[in-house]
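Participant: Take a look at this one; I'll ask things after.
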Amino acid sequence: MIRRHLSRRIFECALALALAGGATIPMRAQTMLGPVELDRSVARIALYPDPLVAQILSAATYSDQIPEAAKWSDRHHYLTGDALAAAITGDHVPWDPSVQAMLPFPSVLETMAADMNWTTQLGNSVLAQRSDVMDAVQRDRHKAWDYGYLRSNTEVLVGNGPFITILPTRPGFYVVPAYDPAVVLVAPRPGFVVGTAISFGFGISLGGAFRPWGWGGVHIGWDSRGWYIGDHPWGRTWANRATYVHPYGVQRYEAARRVETHELIERSAKEREASRLGHGHAEEEHHHR
């Protein structure tokens, strides 16, 4: 038993070192989900507008950064528009820009942070089986459409073709629909008013100040099972997750801090070594005297 424990610890240490060095884990290390599991996984966001779905799926791939971002967003919930964009920039927040892009949506980040098992599973599925995730979103949307719950209204335009699209009716205004997947993804009971099952009452207006975070240039290519952030294809996968850098218009402060910290540690080590050697020489000289 002790031997097994030591072997596991050795493996964990080796894995940590490998990840720190930018190595990747083979695909088989990620549990692949089946259609039913994926349908459940995306159900709570499947009926969100396309741009918001794309941003959430991107941010979920950095699930470890979500809790702190949610706290920051909650503390600054009173800020909107240009003032919020200025606060994000001024605070030099260290998270990936895909996570920063969700800061105007405290309720969404709170949902993601409150269920980290779900968020992590969603992010890993996006990395390992993106096409399957996109197909799951479409299956859920088709269910909501077929049962009569999902329709166009004053806030969203729902397109029903081979792929169901959900787009804002007003440029830059993104609604966060409220619904219960257990209701809108099953056939309505007799007499139930389907029009009340999805509420599109809450939304966020994002102008040009949020263009650097991709907003205004976000769309999903359903036929290609991918999406574009800031008009650039999102290409983070399970294989390149340690090195992938998406081209955003915002500065990445996390990388700068890591370099600075590394330099400080290295300089401190050199200074300690120099001090040790200097102290040794001083003692040797004193001994000869």
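Participant: Just to be sure before I move on: is Leu57 in contact (Cβ under 8 Å) with a residue 24 or more places away in the chain and either at positive phi or not small (Gly, Ala, Ser) (or both) in the structure I sent? Working first, answer last.
Facilitator: Working: in contact (Cβ under 8 Å) with a residue 24 or more places away in the chain: yes; either at positive phi or not small (Gly, Ala, Ser) (or both): yes.
Criteria met by Leu57.
Participant: A further question on this structure: From the list Ala136, Ala101, pick out the single residue that is closer than 17 Å to Leu52 by Cα, in the same structural domain as Ala197 (by TED's automatic domain parsing), among the small types (Gly, Ala, Ser) and under 13 Å from the mean Cα position of the chain (by Cα).
Facilitator: Sole residue among the options that is closer than 17 Å to Leu52 by Cα, in the same structural domain as Ala197 (by TED's automatic domain parsing), among the small types (Gly, Ala, Ser) and under 13 Å from the mean Cα position of the chain (by Cα): Ala101.
Participant: Has the range 176-195 got at least one residue that is assigned by TED's automatic domain parsing to the domain that holds Gln55, at pLDDT 95 or above, surrounded by 12 or more Cβ atoms within 10 Å (Cβ to Cβ) and in a strand (DSSP E or B)?
Facilitator: There is at least one residue in the range 176-195 that is assigned by TED's automatic domain parsing to the domain that holds Gln55, at pLDDT 95 or above, surrounded by 12 or more Cβ atoms within 10 Å (Cβ to Cβ) and in a strand (DSSP E or B).
Participant: Gly221 - would you say it is within 20 Å of the chain's Cα centre (by Cα) and without any contact (Cβ under 8 Å) to a residue 24 or more places away in the chain? Before you say what the answer is, go through the steps one by one.
Facilitator: Details: within 20 Å of the chain's Cα centre (by Cα): yes; without any contact (Cβ under 8 Å) to a residue 24 or more places away in the chain: yes.
Answer is yes for this residue.
Participant: Restricting the first residue to the range 176-201 and requiring it to be within 13 Å of Ala43 (Cα to Cα), which pairs with a second residue that is outside any helix (DSSP H, G or I) and among the acidic types (Asp, Glu) meet a Cβ separation below 9 Å and a spacing of at least six or different chains?
Facilitator: Pro177/Glu155
Participant: Can you tell me which residue in the range 196-205 is surrounded by the fewest Cβ atoms within 10 Å (Cβ to Cβ), limited to those that are assigned to a loop (DSSP other than H, G, I, E, B) and out of contact with any helix residue (DSSP H, G or I) (no Cβ under 8 Å at 6 or more places or on another chain)?
Facilitator: Gly201
Participant: For the range 50-93, give me each residue that is of a type outside the set (Val, Ile, Thr) and not in a helix (DSSP H, G or I).
Facilitator: The first filter runs over the range 50-93 and keeps only residues of a type outside the set (Val, Ile, Thr), leaving 50-52, 54-55, 57-60, 62-65, 67-79, 81-87, 90-92.
Tyr62, His76, His77, Tyr78, Leu79, Asp91, His92, listed by residue number.
Participant: Next up: Are there any pairs, at least 6 apart or on different chains, whose C-beta atoms fall under 6 Å, with the first in the range 131-153 and on the phi > 0 side of the Ramachandran plot and the second part of a helix (DSSP H, G or I) and surrounded by fewer than 19 Cβ atoms within 10 Å (Cβ to Cβ), and if so, which?
Facilitator: Pairs that qualify, where the first residue is on the phi > 0 side of the Ramachandran plot and the partner is part of a helix (DSSP H, G or I) and surrounded by fewer than 19 Cβ atoms within 10 Å (Cβ to Cβ), are Gly148/Val194.
Participant: Go through (1) modelled with pLDDT under 95; (2) farther than 13 Å from Leu206 by Cα one by one and return the number of the condition Ser98 breaks.
Facilitator: (1)
Participant: Now for a different question. Restricting to the range 215-246, and then to whatever is among the hydroxyl-bearing types (Ser, Thr, Tyr) and in a loop (DSSP other than H, G, I, E, B), can you tell me which residue is nearest to Ala85 (Cα to Cα)?
Facilitator: By that ranking, first place goes to Tyr244.
Participant: Right, something else. Answer yes or no: is there a residue in the range 158-169 that is in a loop (DSSP other than H, G, I, E, B), at pLDDT below 95 and in the same structural domain as Thr111 (by TED's automatic domain parsing).
Facilitator: yes
Participant: Going through the range 148-175 one residue at a time, which ones are of a type in the set (Val, Ile, Thr), buried (at least 16 other Cβ atoms within 10 Å of the Cβ) and under 30 Å from Ala209 (Cβ atoms)?
Facilitator: Val156, Val158, Thr165, Ile166, Val175
The values are calculated or read from the model by the stated rules, or taken from the named source; none is laboratory data. This one's a predicted model, so the numbers in the text were calculated from it and none came from an experiment. All Cβ positions, even for glycine, are placed from backbone atoms using ideal geometry, and neighbour counts span all protein chains on display.
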